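Chemist: What follows is a structure written as structure tokens; I'll ask about it next.
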Amino acid sequence: MDRIEKVKKIIKENNVDAILLNSPNNTFYVTGFKSSNSYLLVTKDSGTFYFTDMRYFSSAENFLHDTDIILSVLDLVAMDSLMNKLGINTVGVESDYITLEKKKTLSTIFKAKLKPVDTTRLRAIKSPSEIASIRESLQIAEKTLFDLQNSVEIGMTEKEISKLAVSFGLKNGADKASFDFIVASGLNGGSPHWHPSDYKIREGELITIDLGFIVNGYCSDITRTFKTSDKIDKDLENMYNIVLKANNAVNEQARVGMTGKEIDKIARDIIEKSKYRSYFGHGLGHSLGIEVHESPRLSSADNSVIEEGMIMSNEPGIYVPSLGGVRIEDIILFKEGKPEVLTTFPKDLQSIVNS
Ligand SMILES: [Mn+2]
């Protein structure tokens, strides 16, 4: 579906006369033009209008000149006159983006009534070109994991490994990192969102590396847990195998039409049957695209129905503060009713140190 049509569908569902998008991710999604300060007014049937400030104006002019989108310099008073002229009485604004402060400013200027609407699903179903960008971004992330496997040595710090990952990714063609990477070795792995520290990695540990990049404006995200030497404690290996079993079960059993909660349960049931039952303390996954975390989610709290064309992460984990942790994250595309696994990096327990 045309992206403006997707916004018009939200107009209809919410019974408003127009929707005013302000989040840079949403305005980029609909127009293809990147600006940190813009508004996009999509009306039911009287056209689409884009407003940005002078810093972006001439680039926007070039970018939009072959489209039906009408461009103006950002001016809230002029926007109000336009809405009055078009007979817009109720305008939807992004409920997850517009702050109370901004709402106050807009409602002081606008005669139209503001109605917060949920736009979080606007970008949920990916087009072929978005899927291609995410694939490309994932290839760079996986190449970066292989590069790390050829370079990491015992005694390096988590911070050094994280910086190395950023530089490999950029060298491999990424525009930038899509989030602050997680490198957690030994007991630090017992914390799911550990920040890379000055801890020096040692033999016999598990090390979790969670990284991703941005390519063509689209994010990748992948996690693998490695061992730091060939010899590894049986308990750690056992913990790894339980997470792997949960991750594989989701890739095999998730289906279009299930809710986020039902897919989360596939993995959770496996971990809860093991001795690590209380150590999977986060949701199974999230959608990703222009942002690294998008709606919907795969979690025990998400009743959204998973549809064809959605791209989700599948990232079960076990985190035991006294032992360490494991997370295995794949990215899956729902295609022909079931997951196509876009990540191809091996999932048997490999050593990060090349011996
Ligand atoms: Mn993730």
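The values are calculated or read from the model by the stated rules, or taken from the named source; none is laboratory data. No experiment lies behind these values; they were computed from the predicted model shown. Cβ sites come from the backbone with ideal geometry, for glycine too, and all protein chains shown count toward neighbours. The accessibility values were calculated without ligands, DNA or RNA, using every heavy atom of the protein model including side chains. Shrake-Rupley method; radii C 1.70, N 1.55, O 1.52, S 1.80 Å.
Chemist: Please go through the stretch 224-263 and give me each residue that is in a strand (DSSP E or B) and closer than 18 Å to Ala184 by Cα, ordered by number.
Modeler: Selection gives Arg224, Thr225, Phe226, Lys227.
Chemist: A further question on this structure: Determine the pairs where a residue that is aromatic (Phe, Trp, Tyr), located within the stretch 210-228, has a partner that is away from the ligand (no atom under 14 Å from the Cβ) and in a loop (DSSP other than H, G, I, E, B) with Cβ atoms under 6 Å apart, the partner being 6 or more residues away or on another chain.
Modeler: From residues that are aromatic (Phe, Trp, Tyr), the pairs are Phe213/Ala174; Phe226/Gln350; Phe226/Ile352.
Chemist: Could I ask something else about it? Out of all the residues in the stretch 201-211, is one or more under 17 Å from Leu138 (Cβ atoms), buried (at least 23 other Cβ atoms within 10 Å of the Cβ) and of a type in the set (A, V, I, L, M)?
Modeler: Checked against the condition, which is being under 17 Å from Leu138 (Cβ atoms), buried (at least 23 other Cβ atoms within 10 Å of the Cβ) and of a type in the set (A, V, I, L, M), the stretch 201-211 yields at least one hit.
Chemist: Enumerate the pairs (first residue in the stretch 230-247 and touching a residue at least 24 places away in the same chain (Cβ under 8 Å) and under 16 Å from Lys347 (Cβ atoms); second residue anywhere and in a helix (DSSP H, G or I) and open to solvent by less than 30 Å² (accessible area, probe 1.4 Å)) with beta-carbon separation below 6 Å, excluding pairs fewer than 6 apart on the same chain, so at least 6 apart or on different chains.
Modeler: Ala246/Ala267; Ala246/Ile271
Chemist: Mind checking which residues of the stretch 255-279 are surrounded by 19 or more Cβ atoms within 10 Å (Cβ to Cβ) and over 26 Å from the mean Cα position of the chain (by Cα)?
Modeler: Tyr276 - this is the single residue of the stretch 255-279 that is surrounded by 19 or more Cβ atoms within 10 Å (Cβ to Cβ) and over 26 Å from the mean Cα position of the chain (by Cα).
Chemist: Select from the stretch 290-331 the residues that are within 16 Å of the ligand (Cβ to nearest atom), among the small types (Gly, Ala, Ser) and surrounded by fewer than 22 Cβ atoms within 10 Å (Cβ to Cβ) and list them in ascending order.
Modeler: Residues satisfying the conditions are Ser295, Ser299.
Chemist: How do the pairs read when you match residues in the stretch 1-29 that are without any contact (Cβ under 8 Å) to a residue 24 or more places away in the chain with residues anywhere that are surrounded by fewer than 18 Cβ atoms within 10 Å (Cβ to Cβ), using Cβ under 6 Å and keeping only pairs 6 or more apart or on different chains?
Modeler: Cβ pairs passing all conditions: Pro24/Ser36.
Chemist: Among the candidates Ile271, Ile266, single out the residue that is touching a Phe, Trp or Tyr at 6+ places or on another chain (Cβ under 6 Å) and either over 20 Å from Leu148 (Cβ atoms) or not in a loop (DSSP other than H, G, I, E, B) (or both). Give the steps one after another, and end with the answer.
Modeler: Working: Ile266 fails: touching a Phe, Trp or Tyr at 6+ places or on another chain (Cβ under 6 Å).
Only one candidate qualifies: Ile271.
For every residue, the table says whether it meets (1) of a type outside the set (Asp, Glu); (2) touching a Phe, Trp or Tyr at 6+ places or on another chain (Cβ under 7 Å); (3) more than 16 Å from the ligand (Cβ to nearest atom).
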residue: Met239; (1), (2), (3): yes, yes, yes
residue: Asn248; (1), (2), (3): yes, no, yes
residue: Glu252; (1), (2), (3): no, no, yes
residue: Gly281; (1), (2), (3): yes, yes, no
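Chemist: Within the stretch 336-351, work out how many residues are β-branched (Val, Ile, Thr) and either part of a loop (DSSP other than H, G, I, E, B) or farther than 16 Å from Ala246 by Cα (or both).
Modeler: 2
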